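Each remark here refers to the structure printed beneath this line.
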Amino acid sequence: MAKEHRTFKEECSFIERLNKNSFLIKKGFVPNMKVEGIFYINELLEKLMFDELKNWAGTQGIGGFLPGVKQIANVAALPGIVGRSVGLPDVHSGYGFAIGNMAAFDMSLPEAVVSPGGVGFDINCGVRLLRTNLDEKDVKPVKEQLAQSLFDHIPVGVGSKGVIPMGAKDLEEALSMGMDWSLREGYAWAEDKEHCEEYGRMLQADPGKVSARAKKRGLPQDNTEAQKFHL
């Protein structure tokens, strides 16, 4: 019977260096791996990846955090995966999938999945870059107060909610209209569309394809993103 926890050295026995910049993750590193994992790194990222694993093994895996190599291996255990679970050169620990983790699935197989962690939780999440007339010397003396003020006024994180009112009808329109809805409601500028994929609106979008449960879960988040744009 396999031990519940492994030492860092035992964990590393499942990871094989292929060359200077790539490592293979063997089956058995996590349960039920259907394919092997592989990740590509430079010297700095190699240290970070293995430090993650070492710290995780040292705490016996307590807590919700998973190192990137474990996440790559978990993806290799998903039903229908083909080839390998791949960690690209920007790989680091994420949520479900590692950031920079890539995988392909054979959708002709009944058991194959589409994973939200691979598609991306934060696509079109409302992040924007704003240019100001402030120099570093202007910001440096008040950087802590500025950072705190941003956190106080911009809703972030799981479960956060914005103050802009938004109901089910608004959500339906936002799903159909995309950024045009934000523009109409005054939460965006016209030039913002020039910097968004498909100008912020997928013309074939059909809100009817989204389940009522998904809409209910997404409504508070959409409210939050609208406030981010408004600010």
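Hey, can you tell me all the residues within the stretch 1-50 that are open to solvent by 40 Å² or more (accessible area, probe 1.4 Å) and among the aliphatic types (A, V, I, L, M)?
Taking the stretch 1-50 first, the residues open to solvent by 40 Å² or more (accessible area, probe 1.4 Å) are 1-10, 13-14, 16-21, 26-27, 31-32, 34, 36, 40, 42-44, 46-48.
Of everything in the stretch 1-50, those that are open to solvent by 40 Å² or more (accessible area, probe 1.4 Å) and among the aliphatic types (A, V, I, L, M) turn out to be MET1, ALA2, LEU18, LEU44, LEU48.
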With respect to GLY167, is the statement that it is open to solvent by less than 90 Å² (accessible area, probe 1.4 Å) and at pLDDT below 75 true? no
Inspect the stretch 214-224 for any residue being at pLDDT below 80, closer than 24 Å to LEU130 by Cα and of a type in the set (Asp, Glu) and give the result as yes or no. yes
Restricting attention to the stretch 76-97, does a residue exist that is surrounded by 14 or more Cβ atoms within 10 Å (Cβ to Cβ), modelled with pLDDT of 85 or more and on the phi > 0 side of the Ramachandran plot? yes
Of the residues in the stretch 90-119, those that are in contact (Cβ under 8 Å) with a residue 12 or more places away in the chain, of a type outside the set (A, V, I, L, M, F, W, C) and part of a loop (DSSP other than H, G, I, E, B) number 7
Just for strands (runs of 3 or more DSSP E) wholly inside the stretch 12-67: which have at least 2 residues that are within 24 Å of the chain's Cα centre (by Cα) and free of Cβ contacts under 8 Å to residues at least 40 places away in the same chain? 22-25
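The values are calculated or read from the model by the stated rules, or taken from the named source; none is laboratory data. Every value quoted in this text rests on a predicted model; they were computed, and no experiment measured them. Please note: Cβ atoms are built from the backbone with ideal geometry, for glycine as well, and neighbour counts cover all protein chains shown. Quick note on the areas: whole protein, heavy atoms, side chains included, nothing else; ligands and nucleic acids left out. Shrake-Rupley method; radii C 1.70, N 1.55, O 1.52, S 1.80 Å.
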